[in-house]
Structures are given as structure tokens and as C-alpha cells.
1. Towards the positive end of the charge dipole of region 237-419, with charges on Cβ (+1 Lys, Arg; -1 Asp, Glu), say which of 240, 419, 294 has the farthest Cα.
2. Post the alpha-carbon centroid distance, region 303-334 to region 376-422, in whole angstrom.
3. Calculate, in nm to one decimal, what residue 211 and residue 13 gain on full extension: separation in residues at 0.36 nm each, minus their alpha carbon distance.
4. By count of other Cβ within 10 Å, fewest leading, how are 166, 141 ordered?
5. Going by average Cβ neighbours within 10 Å, how do the peptides 68-80, 383-395 rank, with the highest at the top?
6. Given Cα positions, please report Rg to Rh for region 62-124, the hydrodynamic radius being the Kirkwood one.
7. Classify region 225-372 as rounded, prolate or oblate, taking a ≥ b ≥ c as the square roots of the eigenvalues of its Cα gyration tensor: rounded when a/c is under 1.5, otherwise prolate if a/b is larger than b/c and oblate if not.
8. Calculated from the structure, Rg and Dmax of the Cα atoms in Å equals which of (i) 23.3, 79; (ii) 22.2, 69; (iii) 22.6, 86?
Amino acid sequence: MVATPALLVAAPASGHGKTTVVAALTRLHTRLGRKVRVFKCGPDFLDPQIHVLASGQPCENIDFRMGGEEDARWRLARAAQDAELLLVEGVMGLNDGAPDSAELARRLGLPVLLVIDASAMAGSFGAVAWGLKHYRDGAPITHALANRVGSDYHAELCRETLPEDIAWAGALPRDVDAALPERHLGLLPAAEIADLDARIERMADLLSATAAAELPPPVEFAVLPAPTFAPLLAGKTIAVARDAAFCFLYPANLECLAQLGARLAFFSPLADAVLPACDAVWLPGGYPELHGPAIAANSAMRVALAAHVAAGKPLLAECGGMMTCFDSLDAHPMFGLLPGQVRMQTKLAGLGILSVDLPEGSLAGHTFHYSTANTTLAPIAQAVKTAGKGGEAIYRSGRLTASYMHFYFPSNPAATARLFLP
């Protein structure tokens, strides 16, 4: 067993300021000389980018449905062995999802700091906190923090409403200069927020005067053996797209490929004219819809990818990566590796945790997108939601595999390796 101070930060719903508070706490303790490791519940790609900047350390995702409980426990225990504080950001509201953040906290033994946007309440603050603590099977809420209060008096009104079994963690004022900007998929990527570091520093300064700045009590984590991998990709080089348009990369996926024996060579489909020398290509998700003209103008990369596919070499394209493989995206010419057109829309087109049975094996992952694809291709498989209806088509042309599904490679490393083998 290893014991490390740890905390899960949750809220009644999205938009209450969980990410901002976690990033500020991370920076505050990092400034005090502590090594802080942050984890994000759920399949989110954007919040972890903020936490990487705040901590200077990788931010991994934990999700019992996508990666399994053992995967989450192993990653937390590994981090606990050399970190001085573990922070876990919940997903959506405390009781949203299955399992929700409350259940994750109970099963992992994590105390909960509840962040509540108090901007439109006072007397109801304690009622919300009490209700979330005692709803259904309960949640180990130990502290509550009032976010976006209008004054010291407003903060005191909120504080007075808390029940005896929930401690006051302090309050943060409304602060437009510290708020994190958003877009249709959530927060902006860290690289697009020019003054992000200053925003985090500002909020860390504000938190430093609150009880939230105190180290939480140690939590015991059972040290588990690391998973073992057969070297199925030994001697293989995988070219991984990574730039402003292709930025949705789980650290666990990159680690999984490396542990399978692959050498990773990063490139930019926006800026590079040629592919690195490679045996396979991975086009992950991101924001290609924001870079349509740049992708359309890079005819050399279009030729390089076409030659790669024509040579029978594997290419995996996920969500935004798949969008660029079709003929066009919102009338901008794309790489033209698959027949069809992609259109952005204002309505959410796909959301949920998925599982799929491929010829290579079963894989888990998730989907979250606002675009639709019109293609004559027939799917080779259909990813299905683990909860609810709907799913995503998996397309294949030669050794090119494409889908709106973001795969979580550790859910089946052997199947992952086969996707990148001829």
C-alpha cells in the first residue's frame, strides 16, 4: 500500500468551475514545491491539457467503462508512489454518468471537494451540498467551495448554510479574467488560450487564502503490478499526427503503443509536406473544422498520405482524423482517402462510451462530435454505446480504418497492435 494526499473535485453540474479550481489547486501546490498528479474522470481530451500546463506532469484519464476499474486503480497507485498530491477532476455533475463521480469516489476511497457556482444562490448553497452528499448511496463530500461569489458577505451567507458534516473550503469571487473560454466541444485547447498561465496563476493566488489550499488527508492505494505487453509492434514506426488540428491524444494510448514496442514519430498534417519514414499512420481527433483552408492547401501531405495508403500500409483515423480522410469538410477539400463529405452542424451528433468488435478484436472508447459524414462506404462494424441507444460506424478501405470513435488502446493492446500491422 502507498498513502498519498488525494481529493476528487466534483460539482452539481458542468459549468460550475471544476476545471478552473483543479488547475488552480494544482498550480498552488506546485508553487509550494509539491509534485502534483492530476487525473480526469471520463474520456475528456481538453481539460487534461489545462492540467498538464498547471502541473508540468502528464494528466491521465480514468473511466471504469472505457478502461476498466483495474486500469484506473493501477494508474492512480502508480502516480501515488512518487506524487505528493493526487487531484482527480470529476465528470459533468456528481451524479451524472454510470458510474458517476460519486460512485468513483466511494469505490476509490477519495474524499470529495464540492465546487458550487453560488452566483445565483445563497441560502440554497447548503441544501445543494447536503442533498448531493446524501442522495442515493451518498458521496464522501468533506468540503464545499463557493465559486463566483459577489462579495465577502455573499460568501458568508453561503458558509452559514452548510451542515456540520461538510466543512467550508472557502470562496472564489466572480473573475472574468480567470475564467476559461469555451467552444462547442468544451474548453478551448490549452495551446489556444494565450494567457492561460496567467489565468491559472491568478486563480491560484485567490485560492491560497482559503481552506482549499490545505493538503487533504492521505488516501491508501494498493500497489498493483503494471500490465505486461507482448512486443507486437517491435521494430515498427508509427507516424502520429499532432498539431492544432490533431490534438486529441490520450497519454495512455501513446504509452500503450510504446509498450507494444512501437517507435512514435510525430508530424503535423497542417505544416509538414512529407510523412516521417513509417510503417503506419495514426490521425487522431481534434479540430480540423477550424483549419479547413490550411489542410486544403497542403497538397503535398495529401499526396504523401495517398501514397502510404496505396502501398497497403495501415492508417487509423479517429473522429477529426476521419473527417480529414473524406473528400471534403464544409466544402474545403480534404485528403480524399475515402469517398464522402463531412458537414459541421450546431446540434450534437454523437456522444457516449462505445465498444466495438473488430476483426482485430474488441476495443472500448468514446464518441463526441458535432459533424455528420455522408459516404457510400459500407461499415465493416458498428460500435455500440455501453449505455443508451446509438453508436458509430467503423469504415475500412484497404488498411485504412476510420470512425468517429476514439479508441482507448489499453482496453485491448493486442487488438490495437493489429490495427497498425499490415
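None of the figures in this text is laboratory data; all of them are computed from the coordinates on show. Model, not experiment: these values are computed from the prediction. We place every Cβ from the backbone using ideal geometry, glycine too, and count neighbours over all the protein chains shown.
1. Ranked along the dipole, the leading option is 419.
2. Centre-to-centre (Cα) distance: 16 Å.
3. 69.0 nm
4. In increasing order of surrounding Cβ atoms, one gets 166, 141.
5. So the order, starting with the most tightly packed, is 68-80, 383-395.
6. Rounded to two decimals, Rg over Rh is 1.05.
7. Oblate is the answer for region 225-372, as a/c is 1.5 or above yet b/c matches or exceeds a/b.
8. (ii)
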